[in-house]
Amino acid sequence: MVEDLVNQLVNRRISLALATILVAIGIGWGVTYTTMDNSSNAILVEGDIYKEEVDQARADFPASESILFTFEALPDIFNMEVLGAIESFTQRYSEIESAIAVTSIINSRLNPSDANRYGRDYLIPDITAVTATDLPEIRAIALADKDLTESILSKDGDMVLAYVRLGKIDDDPAVRLRVAESAIALRDSLREQYPTLGVYAVGNVLFERDGHYASKTDNQVLLPIIIITGILLLWFCLRSIPYALCLFIIAGATVIMTLGTYSWLGIALNQISRLGPMVVLVVAIADGIHIASVYAQALLSGQDKLDAMKESLRINFQPVALATITTAMGFLSLNYSSSPAIYGFGNVIAIGVVWAFVLTLTLLPSLLLLLPVNKVPQPLGVKHFIDWVGFQVGHRSKPLFWGCLALVAATFAMLPLNKLDFDRYSMVDKSSDGYHVIRALRDKIGNDQSLVYVLRSPDYYGITYPEFLGEVEKFTAWLELQPETSFVNSYTDYLKSRNKADNDDLEEWKVVPDDQLTVIDYLVGYQLIQEIEPMLPPLFNKDYSAARLNIATSNLSNQELLAFADKIDQWVEQNITKGLRVTRGDNSILFARINGLITQELMSGFALSFFFITVTMMVGLRSLRYGLVSIMPNLFPVVIVFGFWGLWVGQLSPYTLMLFSISIGLVVDDSVHILSKYMSARNAGNLPKAAIAYSLDKAGSAITITTLSLAIGTFILVFSNTDIFQNVAKLISPIIIVALLLDLLFLLPLLERLDRWLHPVGDFR
């Protein structure tokens with residue numbers, strides 16, 4: 001059957017190549033329609049039990065998006081130049097497309113109590129009337145105002161925030177990109193006008209813009225680096241530029257067809273799956289190297305071009321097909337995850353692996369046959385390495401075997417040193433404003449992390465009932481006593497301040513009014529102010545049945561945040577009795593739950609992938625024993641690399657855990673080629689040592705070159721601007737290298753030991 005297929009592939013190579021080119025053009029045209037989804041929805045887990053609560057909160061509090069600007073200056077922002085810059089920004093905010101309001105320290109209202117105390121409604125009533133002598137007083141009032149220092153002003157006064165509220169923005173990525181660009185234009189203008197002032201901008205539209213340009217940067221910078229490095233590497237290994245170019249034509253066509261397929265299916269790339277094309281590029285080279293290397297060997301032995309190609313396809317068809325299936329399985333197992341970012345990444349590469357297999361069989365033979373015989377590659381450097389491996393396996397088989405097992409045992413013991421913690425900002429471009437602002441907020445204001453809860457009543461106007469307000473006060477008082485809490489803000493804080501201000505600013509009146517009509521009057525007044533100053537946060541919904549509660553926390557890990565949320569749930573269940581229902585109002589808990597949910601899914605996916613790849617190897621190799629043996633050297637690299645990672649780094653995200661699944665799919669390819677050649681030699685009646693020599697001769701150079709290509713290609717991602725891609729590169733490249741070494745220095749001695757014990761000679765299928 002294989003023989004007939006090989007003859008058809010060679011004899012009909014021209015028609016197959018032309019048909020493949022036409023299909024590639026048709027599918028590849030879809031690249032022009034490639035879209036990106038840089039929203040947080042691509043990261044979040046679909047179907048989370050709290051998602052419904054968050055969606056309901058968004059329906060009750062339909063807040064439009066905003067853009068946050070930060071202004072930083074030393075020793076503080078309270079000087080005429082900085083305040084002038086902020087005033088200029090406050091006047092120019094409308095240059096941002098879709099901007100409808102701005103809140104800055106220039107137009108910030110004092111709370112009612114402070115307004116009475118200082119005899120003014122605003123921190124800076126009239127910026128044009130401010131002189132240098134007024135600055136100490138303004139600074140003192142600002143730094144003494146808790147509302148300011150816990151929201152927009154750093155405690156030492158060297159950073160202040162300003163918010164630009166946007167009107168409803170179309171979901172069209174082009175529109176959102178335009179809004180982001182207009183904000184960047186204003187930021188850059190302010191930087192140019194005030195060079196000593198640190199001005200930064202951040203927001204959802206800007207995160208999406210950063211993702212857009214990060215993708216373009218990776219494609220325009222990293223991808224060419226991978227291509228150039230790959231060509232140079234293949235030239236060094238093969239000593240043939242024409243052969244290297246043929247392989248890259250196949251790899252490039254594979255990438256184009258992969259992206260085209262995704263586009264025609266109407267699927268957008270996301271923050272993780274955009275990495276796929278670069279991985280597909282290096283993976284696609286592997287199939288071609290095996291075909292090209294055996295073809296070159298046959299030519300060097302004196303065969304003509306057609307016979308040499310037939311021999312290469314005959315020897316490599318089964319292992320290449322098996323490697324394609326196992327690699328695709330490894331990546332498709334990521335569909336077990338409910339995170340679009342993860343399963344999208346897996347699907348991109350799985351599609352690419354299939355297209356690489358098709359192009360390798362239908363187009364590559366025609367390309368190689370066009371090359372002159374005098375350009376046959378001779379992998380001299382790689383051949384020396386394979387000769388060294390043959391010597392080591394032949395003379396040091398026992399210490400190699402037991403040494404590898406000892407290393408695996410030692411690193412397995414280090415695996416628990418790895419701790420899981422997902423940082424949502426690890427996907428933020430390190431060169432972006434967002435990366436800087438996030439860390440500045442943590443250091444200077446300490447409110448980068450918060451929880452939003454919704455306090456619900458079953459009745460219209462229910463949040464104005466005295467008994468409901470009593471429960472809210474009891475809840476907020478408990479929250480303020482918790483060590484995890486920095487401060488708590490709810491609509492009752494406004495009611496207290498307003499009540500105090502209406503009663504001669506006496507401290508004893510800083511309580512929630514016990515009269516429902518007074519409460520309603522105050523809330524209606526807040527709504528009227530909102531119409532004038534739309535930047536005021538929505539504290540309650542229109543029918544007065546739900547109110548927001550904001551909890552700023554200290555910098556908590558995901559596990560600590562989840563523990564705090566559980567503590568809140570338990571306290572509410574045990575202590576709230578009078579019609580108050582507490583639900584989640586933002587994505588904070590959803591992001592924190594990613595650790596547990598995705599980890600569980602990925603481990604299940606890994607188990608599934610491991611099972612199906614093992615079964616596939618058994619069926620493909622037609623051997624139960626050797627199918628099981630093939631998995632061992634592909635599990636061990638993950639154990640070794642993650643063990644040392646736990647010792648040296650010690651932190652993993654769920655998105656790096658997906659390497660468990662995909663690494664098996666990637667590295668099992670080398671084992672497939674080693675085993676298929678070894679079994680072929682043993683079936684021909686060769687002794688184990690001769691079979692090892694044959695497998696090294698037919699597959700050793702090819703798997704070494706493919707490993708180097710994969711390792712170097714993926715390691716280039718370490719130059720990405722996001723932590724998550726850097727960590728993926730730092731993990732997957734060593735796994736690939738270690739897998740090669742184990743295939744050569746552990747699998748071969750293992751095969752010899754096992755085979756001598758079970759099968760002295762002959763057929764063992």
I'd like to check something: does the range 544-567 contain any residue that is aromatic (Phe, Trp, Tyr) and in contact with an Asp or Glu (Cβ under 7 Å, 6 or more places away or on another chain)? yes
Quick check on residue 604: is it surrounded by fewer than 19 Cβ atoms within 10 Å (Cβ to Cβ), out of contact with any Ser or Thr (no Cβ under 8 Å at 6 or more places or on another chain), hydroxyl-bearing (Ser, Thr, Tyr) and under 30 Å from residue 689 (Cβ atoms)? no
Among helices (runs of 4 or more DSSP H) completely within the range 115-207, the ones holding 2 or more residues that are of a type outside the set (Phe, Trp, Tyr) and touching a Lys or Arg at 6+ places or on another chain (Cβ under 7 Å) are 173-193
Considering residues that are exposed (fewer than 14 other Cβ atoms within 10 Å of the Cβ) and among the aliphatic types (A, V, I, L, M), the number found within the range 125-174 is 5
Note: among 485, 476, just one is crowded, with 16+ Cβ neighbours inside 10 Å, at pLDDT 90 or above and under 41 Å from the mean Cα position of the chain (by Cα), namely 476
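Rundown of residues vs (1) modelled with pLDDT of 80 or more; (2) closer than 24 Å to residue 698 by Cβ; (3) buried (at least 24 other Cβ atoms within 10 Å of the Cβ), yes/no style:
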{"residue": "213", "(1), (2), (3)": "no, no, no"}
{"residue": "220", "(1), (2), (3)": "no, no, no"}
{"residue": "231", "(1), (2), (3)": "no, no, no"}
{"residue": "253", "(1), (2), (3)": "yes, no, no"}
{"residue": "292", "(1), (2), (3)": "yes, yes, yes"}
{"residue": "303", "(1), (2), (3)": "yes, yes, no"}
From the option list 266, 211, 203, 198, single residue qualifying as without any contact (Cβ under 8 Å) to a residue 60 or more places away in the chain and under 30 Å from residue 167 (Cβ atoms) is 266
Would you confirm whether any residue within the range 452-463 is of a type outside the set (Val, Ile, Thr), over 22 Å from residue 543 (Cα atoms) and either within 46 Å of the chain's Cα centre (by Cα) or not assigned by TED's automatic domain parsing to the domain that holds residue 568 (or both)? no
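For every residue, the table says whether it meets (1) in contact with a Lys or Arg (Cβ under 7 Å, 6 or more places away or on another chain); (2) in the same structural domain as residue 108 (by TED's automatic domain parsing); (3) within 30 Å of residue 560 (Cα to Cα).
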{"residue": "478", "(1), (2), (3)": "no, no, yes"}
{"residue": "484", "(1), (2), (3)": "no, no, yes"}
{"residue": "491", "(1), (2), (3)": "no, no, yes"}
{"residue": "498", "(1), (2), (3)": "no, no, no"}
{"residue": "503", "(1), (2), (3)": "no, no, no"}
{"residue": "509", "(1), (2), (3)": "yes, no, no"}
{"residue": "516", "(1), (2), (3)": "no, no, no"}
{"residue": "522", "(1), (2), (3)": "yes, no, no"}
{"residue": "529", "(1), (2), (3)": "no, no, no"}
Residue hits (the range 515-542; at pLDDT 85 or above, over 22 Å from residue 454 (Cα atoms) and exposed (fewer than 14 other Cβ atoms within 10 Å of the Cβ)) are 515, 517
Does the range 622-642 contain at least one residue that is touching a Lys or Arg at 6+ places or on another chain (Cβ under 8 Å) and within 17 Å of residue 737 (Cα to Cα)?
no
Exercise for review: Could you please let me know if residue 143 is at pLDDT 80 or above, within 20 Å of residue 71 (Cα to Cα), touching a Leu at 6+ places or on another chain (Cβ under 9 Å) and of a type outside the set (Val, Ile, Thr)?
Suggested key: yes
How many residues of the range 448-507 are in contact with an Asp or Glu (Cβ under 8 Å, 6 or more places away or on another chain) and without any contact (Cβ under 8 Å) to a residue 24 or more places away in the chain? The answer is 1
Scanning the range 50-81 for residues that are assigned to a loop (DSSP other than H, G, I, E, B) and in contact with a strand residue (DSSP E or B) (Cβ under 8 Å, 6 or more places away or on another chain), the one farthest from residue 434 (Cα to Cα) turns out to be 50
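Results for (1) within 30 Å of residue 376 (Cα to Cα); (2) aromatic (Phe, Trp, Tyr); (3) at pLDDT 90 or above, shown as yes or no for each residue.
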| site | (1), (2), (3) |
| --- | --- |
| 170 | no, no, no |
| 176 | no, no, no |
| 190 | no, no, yes |
| 204 | no, no, no |
| 217 | no, no, no |
| 225 | yes, no, no |
Among helices (runs of 4 or more DSSP H) entirely within the range 308-413, at least 2 residues that are farther than 30 Å from residue 257 by Cβ occur in 380-395, 397-412
Could you check, for the range 615-638, whether at least one of its residues is out of contact with any helix residue (DSSP H, G or I) (no Cβ under 7 Å at 6 or more places or on another chain) and among the β-branched types (Val, Ile, Thr)? yes
ask   = Is it the case that the range 708-729 has a residue that's assigned to a helix (DSSP H, G or I), over 21 Å from the mean Cα position of the chain (by Cα), surrounded by fewer than 24 Cβ atoms within 10 Å (Cβ to Cβ) and in the same structural domain as residue 658 (by TED's automatic domain parsing)?
value = yes
Test: residue 705 is at pLDDT below 80 and surrounded by 22 or more Cβ atoms within 10 Å (Cβ to Cβ)
no
Filtering the range 396-418 for residues that are of a type outside the set (Phe, Trp, Tyr), more than 19 Å from residue 735 (Cα to Cα) and surrounded by fewer than 16 Cβ atoms within 10 Å (Cβ to Cβ) leaves a count of 3
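The values are calculated or read from the model by the stated rules, or taken from the named source; none is laboratory data. What you see is a predicted model; the values in this text were computed from it and never measured. Cβ atoms come from the backbone with ideal geometry, glycine included; neighbour counts cover every protein chain shown.
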